[in-house]
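I have placed the structure first, in the form of structure tokens, so that the comments after it can refer back to it.
Values in this text are rule-based calculations from the coordinates and carry no lab data. Quick caveat, the model's predicted, so the values are computed rather than measured. Backbone-built Cβ (ideal geometry, glycine too); neighbour counts: all protein chains shown.
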Amino acid sequence: MRDQFAEVLAKAGNSVLKEVPLTLQGPVAVTATVELMVRTPTGSVYAIEVKTGTDPKFTPAQQIVYPHIELGELVASNDARISALAFTRNVALPAIPVVVLYTQGPGEPMTTYPLWQYMRK
């Protein structure tokens, strides 16, 4: 699912990275890997987490890191590919919205949630 969605986004002219490690900086660093990060042709950036199956949950690291991505200036990526989205490796990222795409599986309807709404489920 993730790869198909990434392909559609890339064909539409977006810059797309898959499996991007993001680290909440602090005394004890916590890293979570977001499924997709996208920069649109107009410069908007967002992160996408794809959830499939029956009532999938975030991992403990995702529960910690993802809300901080949306706050900005607290999370960085040590992945050199981040430069493809016009960011610098190991430099705190600006606030980036996180979108959750949920489906039970292939051929099933897909629902889009803002992060805060999915986390309350």
Which distance in Å, rounded to a whole number, links the C-alpha centroids of the range 14-42 and the range 65-121?
6 Å
I want the antiparallel fraction of DSSP beta bridges within the chain, as a percent rounded to 5.
75 percent
Would you mind counting up the charge near residue 19? Only other residues with Cβ under 10 Å from its Cβ, with Lys and Arg at +1 and Asp and Glu at -1.
+1
Provide the FRET efficiency to the nearest 0.05 for the residue 89-residue 40 pair, computing r from the beta carbons and using R0 = 25 Å.
0.70
The summed charge of the residue 110 Cβ neighbourhood (under 14 Å; Lys/Arg +1, Asp/Glu -1) stands at -1
Sorted from largest down, give the three principal axis spans of the alpha carbons of the range 2-119, whole angstrom values.
41, 32, 19
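With an 8 Å Cα cut-off and a minimum separation of 6 or more residues, compute the relative contact order for the chain in percent.
Averaging sequence separation for qualifying contacts and normalising by length gives 23 percent for the chain.
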Local charge sum around residue 84 (other residues, Cβ-Cβ under 14 Å, Lys/Arg +1, Asp/Glu -1)?
+2
For the chain, modelled as a Gaussian network with Cα springs under 10 Å, which listed residue fluctuates most, 54, 42, 31?
42
Under a GNM of the chain (C-alpha, springs under 10 Å), which listed residue has the highest mean-square fluctuation: 94, 27, 109?
27
